[in-house]
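Note sheet for the following structure.
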Amino acid sequence: MSNIRTTRRRMVQILVAVLSVPWSGRTLAQPQVSESEPLAQELGYRHNAAQVDTQRFPKRAGAQGQNQFCRTCQFFQGGGDWGACTVFEGRLVNANGWCNSWFGRR
Ligand code: SF4
């Protein structure tokens, strides 16, 4: 009987420890957005903003457009090379990427 209580208590301790690990906004389980998927195609998403078709998406052209990256977008969550994007339902986009939904942080 005491073994069952000890095991149960230990399991609860492990569960509490796992749940108390801070999340940094970056979860490895989230898949990356694919440049070839329909929404990415529609929004002109590229992992490398320098590869954006500026003829099709003139918003990324010019001096102001050159400073637009996922890492400076209000929909980007995270501080590393990859972060979750709310436009893509939390899937990962590259910090140096861009899409036509870019909106600067305030
Ligand atoms: S909405 Fe912002 S963070 Fe998301 S892909 Fe477009 S530019 Fe990047």
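Any read-out appearing in this document is the output of simple, stated calculations on the displayed coordinates, not a laboratory observation. Bear in mind the structure is a predicted one, so any value in this text is a computation, not a measurement. Note: ideal-geometry Cβ built from the backbone for every residue, glycine included; neighbour counts use all protein chains shown.
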Computed from the beta carbon distance with a Förster radius of 22 Å, FRET efficiency for residue 81 and residue 61 to the nearest 0.05 stands at 0.35
A chain fully extended from residue 72 to residue 41 at 0.36 nm per residue, minus the present Cα-Cα distance, gains in nm 9.1 nm
If each K or R counts +1 and each D or E counts -1, the residues other than residue 66 whose Cβ falls under 15 Å of its Cβ total +3
Interchain or sequence-distant (5+) residues whose placed amide H lies within less than 5 Å of the amide H of residue 95 are 82, 83
Phi-derived 3J(HN,Hα) across the stretch 73-85 with the Karplus relation (6.51, -1.76, 1.60, θ = phi - 60°), rounded Hz, x for Gly and Pro, is 9, 5, 8, 8, 10, x, x, x, 5, 10, x, 6, 10
